[in-house]
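The values are calculated or read from the model by the stated rules, or taken from the named source; none is laboratory data. For clarity, every value in this text was computed on a predicted model and none was experimentally measured. For neighbour counting, all protein chains shown are included, and Cβ atoms are generated from backbone atoms with ideal geometry for every residue, glycine included.
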Amino acid sequence: MTTAAPSGPLLPPIDEDSAPFFEGCRRGELRMQRCSATGRLIFPPRPMSPFAPHAEPTWTTLSGRGSVWSFVVPHPPLLPWYAERAPYNVILVALDEDPHVRLAGNLVAGPGASLASVDPATLRIGLRVRAIFETLAGDVVVPRWVRDGA
Amino acid sequence: MLRPVLKDAAAIVGIAQTRFAKRLEPSEKALAAQVIVAALDEAGIAPSEVDGFASYTMETNDEVEIAKNIGAGPVTFFSQVGYGGGAGPACVGHLAMAIATGQCRVGVAWRARKRGSGGRPWAGAAQASANATWTRPYGLLRPVDEIAMLTRRYMHESGATREHLANVALAVRGMANRNPNAVMYEKTLTRDEYMAARWISEPLCLFDNCLETDGALACVLVSAERARDCRPRPVLVHAFGQGLPPQSHTMVNYWCEDPLRGPAWTCASQLYRNSDIRAQDLDVAQLYDAFTPLIPLSLEGYGFCGRGEGAAFTEGGALELGGRLPINTSGGGLSEAYVHGFNLILEGVRQLRGTSTSQVPDAETCLVTGGEGVPTSALILRRAA
C-alpha cells in the first residue's frame, strides 16, 4: 500500500476493487462499475452486483459530468496538509448517469489549482460540474471538479 | 406469528458512571472495572454472578480482561457491537435477548473511553482507511465534515436553518445546566453565542459538535422476574431494534437512494414492530447527539414527524423540559459527556426511576437511540409496574 508523507494529502488505499477506477483516472477517464444484468451503476466498486448477484460487474467510462448535491467548507483543526489550505470546499457530485451515485471531490478553478481556489460564497447546490484529473502523489491520480463550461 | 420473546423480559437493575472530565487519570481498564462493580453494587448482585457481557467493538477492554478484573463467574454470553456510536443500545439489547433466551442470567454492558485526553481518532491518520477511500483524500476528514455534508442537503431540501440547530444545542445545554455531573453544568449558552461561534465545518459550528470526554459507564441486566428482588426500581427493556439499510455506508451514507433516510428508519421499523409503545406514546427521548443535525434526522427516523419535518419539530421549545418531547435530559453528548452515547442509556433509566435532574413528571416510557448515519440501534425502555 502507498503511504502519504505525514505532511501530504491522505492517499486513497488502492485495492483490487478500486484499482480500475484509479487506472481510469490516470488515463483521464471517470470509470465506474455497471451491473451486467440490470445496467445500473455500482459504487463503491465491489466484486458482486447487489442488483443481480450472479451477474459480474463490468467497467464502463462515464461522461464525467454531474451536479453538486451538497458541499461543506471545513475549518481547522484538520490534518496539516488540509489545514494549510482551509477553508476549502468538499462537494458531492450527483453523476448524470445515475444521480444516486454522489462522488466526493473538490471544486477547483482549473487544472493544478488549490482546494481553496474557488470562493465558497459562490458554491451552490445544483451547480453543473465536470471532472478533471490531478496527480496527488506518485502515480495516484484522483478526480477534481470544475464548473461545466469552464 | 412468532411470540415476541424480548418484550419486557429483561430489566436494567443497576447503573453507575465515573465522573466526566476532559481528563481522568486512571486507565480505561481501571475505569471500566470500577464502574461495573459499582453498577453491580447498586443492583445488589455479586460480580461472581455475572455470566454475560456486551460492549462496543471500539471498546479497548475485552470481556476476558473485565471478567478477570471483577471476578466474574463462568461467562456464557459475550457480544461486541460495531460502528461506534451506533452500538450503545444494541449492547443492552443483546443482553436482553440473551437473558430472554436463557443464554445468560446476569448481563453487564459498559463503555469506558478516554476520548477527552486520548486524542482524536482522525488526527493520527497517515492514509485514508479502506472505508474512507472515496471521501477522506478530498478533505472530508472528520465525522463533523461527513455529517455537515448531509446537513447542508437537509437544509436545502427541508428549509431547516441554523436556528433549528441552535434549538437543539440550547435545549440540551439547558438540561446540562441542571445536571451537576455534566461537563457543561456551569456553562450556559445563548443563541447569540451559538450564532457567533467559530465554524468547524460549514454549515456546522463549534456548538453543533459534541464534547470530548473521559468517562466510563455500566449497567446490569437480569430477567424481569429476578428484577423484582433487586433494590432499585427495575426498568424494563420493552423493545429493541438494529438497523443497517440497503446500500448503506458507515458515516458517508452517500451512495444510496436517499441519504437523508438513514439507518434510524430501518432501526425504527424493527423497534416498533414488537412494541406496544409508539412514537406518540413516548414521554421522553435520549437521542444520540454527536452533532445537532442528528436530532432532526432521528426525530424523523423514529417517527415523531415526517421526512423533512424534524427541524420544524424543534420549534417552540419542543425539546425542552415541559415541551412536546424533552430530549437528552442529562445534557447528552453535546453537553453532559461524549461517551459514545452510553450516558443516554443511563439517563433513560434515571427518567424511569424518577431520579433525573431534569425529570419529566411521571415518565413511564423512554426512547434511547444510537447514532444516526452509522449502522445503529435503539431501545424502548419502560417503568416496571
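Pairs meeting the criteria (first residue in the range A:129-150 and more than 14 Å from A:Val118 (Cβ to Cβ), second residue at pLDDT below 95 and outside any loop (DSSP other than H, G, I, E, B), beta carbons under 6 Å, at least 6 apart or on different chains) are A:Val142/A:Leu136. Applying the criterion of being aliphatic (A, V, I, L, M) and at the interface with another protein chain (Cβ under 10 Å from one of its Cβ atoms) to the residues of the range A:94-112, the residue that is surrounded by the fewest Cβ atoms within 10 Å (Cβ to Cβ) is A:Ala94. Residues that are hydrophobic (A, V, I, L, M, F, W, C), at the interface with another protein chain (Cβ under 7 Å from one of its Cβ atoms) and part of a loop (DSSP other than H, G, I, E, B) within the range A:40-92 comprise A:Phe43, A:Leu78, A:Leu79, listed in sequence order. Just one of the numbered conditions (1) away from chain B (no Cβ under 12 Å); (2) surrounded by 14 or more Cβ atoms within 10 Å (Cβ to Cβ); (3) not β-branched (Val, Ile, Thr) is not true of A:Leu115: (1). Number of residues in the range A:6-31 that are in contact (Cβ under 8 Å) with a residue 60 or more places away in the chain and within 11 Å of another protein chain (Cβ to nearest Cβ): the value is 9. Once the range B:319-355 is narrowed to residues that are among the hydroxyl-bearing types (Ser, Thr, Tyr) and touching a residue at least 60 places away in the same chain (Cβ under 8 Å), the residue that is nearest to B:Ala279 (Cα to Cα) is B:Thr329.
Within the range B:321-337, track down each residue that is in a helix (DSSP H, G or I) and either of a type in the set (S, T, N, Q) or surrounded by fewer than 24 Cβ atoms within 10 Å (Cβ to Cβ) (or both). Selection gives B:Ser335 alone. Select from the range B:186-224 the residues that are part of a helix (DSSP H, G or I) and either touching an Asp or Glu at 6+ places or on another chain (Cβ under 9 Å) or away from chain A (no Cβ under 14 Å) (or both) and list them in ascending order. Across the range B:186-224, the qualifying residues are B:Arg191, B:Asp192, B:Glu193, B:Tyr194, B:Met195, B:Ala196, B:Phe207, B:Ala224. Residues that are under 26 Å from the mean Cα position of the chain (by Cα), facing another protein chain (nearest Cβ under 7 Å) and in a loop (DSSP other than H, G, I, E, B) within the range B:130-147 comprise B:Thr135, B:Leu140, B:Leu141, listed in sequence order.
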